[in-house]
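What follows is one structure encoded as structure tokens, with my remarks underneath.
The values are calculated or read from the model by the stated rules, or taken from the named source; none is laboratory data. What you see is a predicted model; the values in this text were computed from it and never measured. So basically every Cβ, Gly included, is an ideal-geometry build from the backbone, and we count neighbours across all protein chains shown. Side chains included, ligands, DNA and RNA excluded: accessible areas come from the protein's heavy atoms. Shrake-Rupley method; radii C 1.70, N 1.55, O 1.52, S 1.80 Å.
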Amino acid sequence: MPSAPLDGEPVPADGALPFAAPAGAADRPLAFYLHVPYCASRCGYCDFNTYTAAELRGSGGVLASRDTYAEVVEQEIRLARKVLGDDPRRVSTVFFGGGTPTLLPPADLARMLDAVRAEFGLAADAEVTTEANPDSVGPESLAALREAGFTRVSFGMQSARPHVLAVLERTHTPGRPEACVAEARAAGFRHVSLDLIYGTPGETDADWRASLDAAIGAGPDHVSAYSLIVEDGTRLAGRVRRGELAAPDDDVHADRYLMADEALTAAGFGWYEVSNWALSPDARCRHNELYWTGADWWGAGPGAHSHIGGVRWWNAKHPGRYAQALAEGRSPGAGREILSEEDRRVERVLLELRLADGCPLSLLRPAGLAAARRALADGLLTREAFDAGRAALTLRGRLLADALTRDLVD
């Protein structure tokens, strides 16, 4: 989801939104993101807002405990109902992310989902997704999640090669993600996704090809492939800084992306966002599509971000501080901003350009439109979409999407 600045204006204690925020809400879908900040261990490349048991010990006490987390999130869901008042919308999508949501018992995840269902109701065709580490689920837990109403599961596979998994500090063994896909299918999940990472130090073209083959062969209907980013402050960044590992190479990343697109396309997958491929339109992650198209969502949990009607806010990051605010009857919001029309225009270009459908040329200012014409001439945008009034990326354009976006928002 789009990131928010670290500062911003205070969030009122009752979480109330500016009067104009719900305007036009009936025309926008409503989604929920439920953040579960717990991990069994921290991967060396991860800079997400997650915590191991050791990191939380003595820094939040019972308030930061996994044992009571579902109850705490329920409190924020009830707060959301109060803040949104008589908003009649049923929830279109619910996404459990982390962290590792499936470290919690299925009953706890079901309890949080039931709270959304009780306070807002779910659309008849609601998509309900959970992320899962391959070593955090099994046939029984997957069956329990499906029974609770989950419709989609996304497994963090990352690689099929043991030495690549070791550099990433992933704890599952090669072959386990593929087994998870089979177990999810047996539990009744129609939609199953695998996440891959390319460009890890020490990974070869053959390693990446093996990972793609393994992922496709497992039978998911959705695959995400992300280039490795070395984030400041992570263990991986320290190893690169000390020269223990080579820094990721942009040319290698580009080659690996082309390999992924070729393999996935040959297997029947179609790209619908720069890093995401699906076997059919109904296999796409509808929750992420709502982020990319500016819908409304409420993010519950430590550090979660929300967006309602042009108002964006973010929660206290530490689980203890988050829970303390709710225990005291206060919003856990740490700050918020009200997006201007220009802010929203820029975000639409940033996000929609990454989609296969592209963004409307009408969003571009004169300098951005001139940049779009140059990009068309350079083969970065498709002629068909441009003639229809949209800027849509070619395969080469996808490789240069970040730089092109900066030109188009001018």
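A few points about this structure:
- Looking at the chain, the accessible area is 42 square angstrom per residue; that uses a 1.4 Å probe and ignores ligands, DNA and RNA.
- Counted by Cβ distance under 9 Å from R398, the other residues give a net charge of +1, where Lys and Arg count +1 and Asp and Glu count -1.
- Chain lengthening between E342 and R235 when straightened (0.36 nm per residue, less Cα-Cα): 34.8 nm
- Förster-model FRET efficiency, 25 Å R0, R78 and E147, C-beta, rounded to 0.05: 0.55
- Cysteines in the chain lacking any other cysteine Cβ under 4.7 Å from their own Cβ: C39, C180, C285, C359.
- Check: the chain dipole with +1 on Lys, Arg Cβ and -1 on Asp, Glu Cβ, in debye: 320
- Difference of contour (0.36 nm per residue) and Cα-Cα distance, A327 to D387: 16.0 nm
- Just the protein heavy atoms count here, and of the accessible area of segment 61-151 at 1.4 Å, carbon and sulfur take up 49 percent.
- Semi-axes of the equivalent ellipsoid of the chain are 31, 28, 21 Å, computed as sqrt(5λ) over the eigenvalues of the C-alpha gyration tensor in descending order.
- Cβ-based charge dipole, segment 41-180, positive-most Cα from L104, L122, S154: S154
- Per-q log10 I(q)/I(0), segment 244-291, q = 0.20, 0.22 Å⁻¹ (Debye; single scatterer per alpha-carbon; no solvent): -0.73, -0.80
- Heavy-atom accessible surface of segment 172-297: percent carbon and sulfur, 1.4 Å: 51
- Using the Cβ-Cβ distance between L258 and A26 with R0 set to 56 Å, the FRET efficiency from 1/(1 + (r/R0)^6) comes to roughly 0.85.
- The distance separating the Cα centre of segment 257-292 from that of segment 127-141 comes to 21 Å.
- Solvent-accessible area, 1.4 Å probe, carbon plus sulfur percent, for segment 300-380: 51
- Rounded to whole Hz, the Karplus (6.51, -1.76, 1.60) HN-Hα couplings of segment 163-174, x for glycine and proline: 6, 6, 4, 5, 5, 6, 6, 7, 9, 7, 9, x
- For M157, nonlocal amide neighbours, meaning residues 5 or more places apart or on other chains whose placed amide H falls under 5 Å from its own, are D195.
- Of all the options D47, D108, D261, the one that moves most in a Gaussian network model of the chain with Cα springs shorter than 10 angstrom is D47.
- Cα-centre dipole for segment 134-273 with unit charges at Cβ (Lys and Arg positive, Asp and Glu negative), debye to 20: 420
- Pairs of Cα atoms nearer than 8 Å and 6+ residues apart set the relative contact order; for the chain it is 19 percent.
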